[in-house]
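Note sheet for the following structure.
Here, each number is a calculation from the coordinates, and none is a lab measurement. Computed from a predicted model, the values in this text were never measured in an experiment. Positions of Cβ are generated from backbone atoms using ideal geometry, with glycine treated the same way; all protein chains shown enter the neighbour counts.
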Amino acid sequence: MKTIYARLSIAVALLFGAALVPVLAAPDWPIPSGLKTVEVNGYPIAYLEAGAGVPVVVIHGMFVDYRIFTPQMAEFSKAHRVIAVSLRHYYPEPWDGKGGSFSISQQAADVADMIRKLNLGKVHLLGHSRGGSVAINAARQAPELIRTLILEDASGLEPLLADASVGRQRIYGVENLAVWVRGDLEGGDRRKTAQAAWGMAFGPTAWERFGPEVQQMVIDNIGTVATKAPMDIPAINCDDIRKFSFPVLILHGERSPKLYSDMSAAMRQCKPDIAAAIIVPNATHMIHRDNPMFFNKTALDFMQQN
């Protein structure tokens with residue numbers, strides 16, 4: 001049915017001389033007001049869009065979705081066309097973690113295809129945490145689409161670490177969390193499972209510290225943590241990094257886990273002309289939420305310069 005609809009849309013556009021636009025997907029779940037979708041690689045990617053100008057695509061991390069960038073949408077959209085994407089199987093899809101293609105490589109391909117479908121040209125691509133890994137791999141797959149790459153406590157660089165066991169230990173930890181989440185979700189209390197999993201990942205006080213908005217995101221997306229491969233890090237090496245011909249901005253929180261700065265340091269050893277990481281004061285791993293004023297200004301200044 002979707003194929004017939006797509007062909008009919010193209011035929012109508014040609015008949016009336018209209019400019020071809022991306023064919024909207026038809027999701028099997030409700031789409032909140034103001035949210036748009038576009039079909040990429042057979043999946044209806046949801047995204048929030050605001051502003052005009054050079055495009056900025058922002059990619060959320062594990063547990064959350066496009067709503068995590070609410071503090072950035074208002075500021076970035078004053079000078080840019082900002083697109084906050086919800087990756088495959090994240091909210092608004094009510095996914096339980098079973099079946100379907102869920103991988104960093106797939107989601108990177110989705111982001112690249114979305115940029116093409118929306119005719120964005122070269123974009124500023126910003127990724128946080130697991131979304132940083134998606135951004136890195138989208139840049140590897142389609143460097144012609146990248147104006148700049150902004151990495152906020154990005155994962156995905158574990159293969160560059162001198163001690164390979166450190167990266168493996170982190171991935172095993174996330175996989176063990178996924179096993180626990182899958183089992184606990186069988187009890188049917190998504191909120192209880194989400195609260196416990198968030199606490200395991202970010203500390204016992206993190207649930208209360210981030211408040212109802214973030215709590216709801218974690219509840220809505222807890223199924224994505226239950227998947228069998230929540231952190232399937234694609235292989236990456238220094239040759240891949242050296243091919244990055246676009247400016248790269250790296251940001252870490254003052255209290256971010258050391259592993260993230262270790263990974264970005266390994267990235268810079270591969271390509272020394274990448275600037276040293278900027279440390280955001282009074283911030284943990286959730287940098288853009290902890291200190292949005294500093295984060296926003298730093299990212300906007302970088303984009304303005306490039």
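About the Cα centre of region 135-181, what is the dipole size in debye to 20, counting +1 per Lys and Arg Cβ and -1 per Asp and Glu Cβ, all else neutral?
Dipole of region 135-181, to the nearest 20 debye: 80 debye.
I want to check the label-to-label distance for Asn282 and Lys117. Put each point 7 Å from Cα in the C-beta direction and report it in nm to one decimal.
Once both label points are built, they end up 4.0 nm from each other.
Give the shape of region 104-255 as rounded, prolate or oblate, defined through the alpha-carbon gyration tensor: a ≥ b ≥ c are the square roots of its eigenvalues, a/c under 1.5 means rounded, and otherwise the shape is prolate if a/b is larger than b/c and oblate if not.
prolate
Using a Förster distance of 51 angstrom, determine the FRET efficiency expected from the C-beta separation of Asp239 and Ala52, and round it to 0.05.
0.85
Once you sort the root eigenvalues of the Cα gyration tensor of region 25-125 as a ≥ b ≥ c, which label holds: rounded (a/c under 1.5), prolate (a/b larger than b/c) or oblate (the other case)?
prolate
In region 192-282, what is the volume of the convex hull around the alpha carbon atoms, normalised per residue and reported in Å³?
Hull volume over Cα atoms, normalised by residue count, gives 136 Å³.
For Ile150, which sequence-distant residues (separation of 5 or more, or a different chain) have an amide H within less than 5 Å of its own amide H, given hydrogens modelled in the peptide plane?
Leu125, Leu126, Gly127, Leu249
Give me the extension gain from Asp96 to Asp189: residue separation times 0.36 nm, minus the current Cα-Cα distance, reported in nm with one decimal.
32.2 nm
With a/c under 1.5 counting as rounded, go ahead and sort region 71-120 into rounded, prolate or oblate using the C-alpha gyration tensor (a ≥ b ≥ c being the square roots of the eigenvalues; past the cut-off, prolate if a/b is larger than b/c, else oblate).
oblate
Which trypsin sites (Lys or Arg not before Pro) in region 217-301 pass both tests, a DSSP loop state and at most 11 other beta-carbon atoms within 10 Å?
Lys243
Pick from Pro30, Pro292, Pro281 the residue whose mean-square fluctuation is largest in a GNM of the chain, springs joining Cα atoms under 10 Å.
Pro30
Highest GNM mean-square fluctuation, the chain, Cα pairs closer than 10 Å: which of Ala79, Ala138, Ala164?
Of the options given, Ala164 has the highest mean-square fluctuation.
Output needed: percent of Cα pairs per 20 Å distance bin for the chain, bins running from 0 to the one holding the longest distance.
Taking every Cα pair in the chain, the percentages come to 34, 59, 8, 0.
Around Ala265, what is the net charge, scoring Lys/Arg as +1 and Asp/Glu as -1 over all other residues with Cβ under 14 Å from its Cβ?
Result for the local shell: -1.
Grab the DSSP H runs of the chain that are 4 residues or longer, score each as -39,500 (n - 2.57), total them, divide by all residues and round the 222 nm result to the nearest 500 deg cm²/dmol.
-14500 deg cm²/dmol
Check each of the chymotrypsin sites (Phe, Trp or Tyr not before Pro) in region 210-306 and keep only those in coil by DSSP with at most 14 other C-beta atoms within 10 angstrom; list them in order.
Counting only loop positions with at most 14 other Cβ atoms within 10 Å, none of the chymotrypsin sites (Phe, Trp or Tyr not before Pro) in region 210-306 qualifies.
With N denoting the number of residues in region 256-297, provide Rg(C-alpha) divided by 2.2 N^0.38 Å, to two decimal places.
1.27
Please turn the phi angles of region 194-205 into ³J(HN,Hα) values with the Karplus equation 6.51 cos²θ - 1.76 cosθ + 1.60 (θ = phi - 60°), one per residue in order, whole Hz, x for glycine and proline.
Couplings: 4, 4, 5, 5, 4, x, 4, 7, 10, x, x, 9 Hz.
What list of ³J(HN,Hα) couplings, whole Hz, do you get for region 214-221 from phi and the Karplus terms 6.51, -1.76, 1.60, once you set θ to phi - 60° and write x for glycine and proline?
Coupling constants for region 214-221: 5, 4, 5, 4, 5, 4, 5, 10 Hz.
Would you list which lysines come within 18 Å of Lys122, measuring only between C-alpha atoms, while excluding same-chain residues fewer than 8 positions from it?
Lys243
For region 244-259, in order, what is each residue's ³J(HN,Hα) by Karplus, 6.51 cos²θ - 1.76 cosθ + 1.60 with θ = phi - 60°, in whole Hz (x at glycine and Pro)?
Residue by residue, region 244-259 yields 5, 9, 10, x, 10, 10, 10, 10, 10, x, 4, 10, 5, x, 4, 4 Hz.
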